[in-house]
Amino acid sequence: MERSRSSKLVVGIVLLVLGVALLIWALTGRKAEAPATSTEVSQSTNTQSPADTSSQSDTATITFTNEGFSPETLTVKAGTVVTVKNESDDSVQFSSDDHPTHRENTEMNMKTLASGQSGTFTAKTVGTHGFHDHINDSKVGTLVVTQ
């Protein structure tokens, strides 16, 4: 009798975990798919200095390393094409806040980038936008878009 009760408990816990995972996938999967059409992913070996914190040109770069995003805060003008380079040992999924729904600025959301890959998006929405790695949401940064 005790064994049957514990088996039912284990099955119930497994079903609950699967249900939560499915819900998270459904909420984040739809949002990640829509902007993916405008996100270009490519292999890249070129590097640009991550020390640049503002851009006077039409392009800017955010580099993801094992330590996180560099620069942590980037200021660009509206219309700037932002490249996200993954120079870490792991994959990164560059996503706008808030976690896990990524609805603050969906133009920033990208597909997962493997180590060595990069992707781009055009910063269009003026304001201050938080971003993070969806895979490890403790890695964060801020994009400031000006007129």
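The values are calculated or read from the model by the stated rules, or taken from the named source; none is laboratory data. These figures come from a predicted structure and were not determined experimentally. Cβ sites come from the backbone with ideal geometry, for glycine too, and all protein chains shown count toward neighbours.
Can Gly79 be described as modelled with pLDDT of 90 or more, farther than 17 Å from Lys111 by Cα and surrounded by 16 or more Cβ atoms within 10 Å (Cβ to Cβ)? Even if it seems obvious, please write down each step before you answer.
On the way: modelled with pLDDT of 90 or more: yes; farther than 17 Å from Lys111 by Cα: yes; surrounded by 16 or more Cβ atoms within 10 Å (Cβ to Cβ): no.
Considered against the rule, which asks whether it is modelled with pLDDT of 90 or more, farther than 17 Å from Lys111 by Cα and surrounded by 16 or more Cβ atoms within 10 Å (Cβ to Cβ), Gly79 comes out as no.
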If you take the residues in segment 112-126 that are touching a Gly at 6+ places or on another chain (Cβ under 8 Å) and within 21 Å of Lys77 (Cβ to Cβ), which one is surrounded by the fewest Cβ atoms within 10 Å (Cβ to Cβ)?
Lys124
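Hey, can you tell me all the residues within segment 53-76 that are modelled with pLDDT under 95, in contact with a strand residue (DSSP E or B) (Cβ under 7 Å, 6 or more places away or on another chain) and exposed (fewer than 13 other Cβ atoms within 10 Å of the Cβ)? It would help to see each step written out before you state the result.
To start, the set of residues in segment 53-76 that are modelled with pLDDT under 95 comprises 53-58.
With the extra rule that they be in contact with a strand residue (DSSP E or B) (Cβ under 7 Å, 6 or more places away or on another chain), the set shrinks to 53-55, 58.
Scanning segment 53-76 gives a single hit, Asp58.
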For segment 137-147, which positions are under 11 Å from the mean Cα position of the chain (by Cα) and part of a loop (DSSP other than H, G, I, E, B)?
Asp137, Lys139
By residue number, the members of segment 89-111 that are modelled with pLDDT of 95 or more and surrounded by fewer than 21 Cβ atoms within 10 Å (Cβ to Cβ) are Asp89, Asp90, Ser91
Among Lys77, Lys85, Lys139, Lys111, which is the only one that is touching a residue at least 12 places away in the same chain (Cβ under 8 Å) and in contact with a helix residue (DSSP H, G or I) (Cβ under 7 Å, 6 or more places away or on another chain)?
Lys111
Tally the residues that are under 16 Å from Ile62 (Cβ atoms) and not in a loop (DSSP other than H, G, I, E, B), restricting the search to segment 84-136.
23
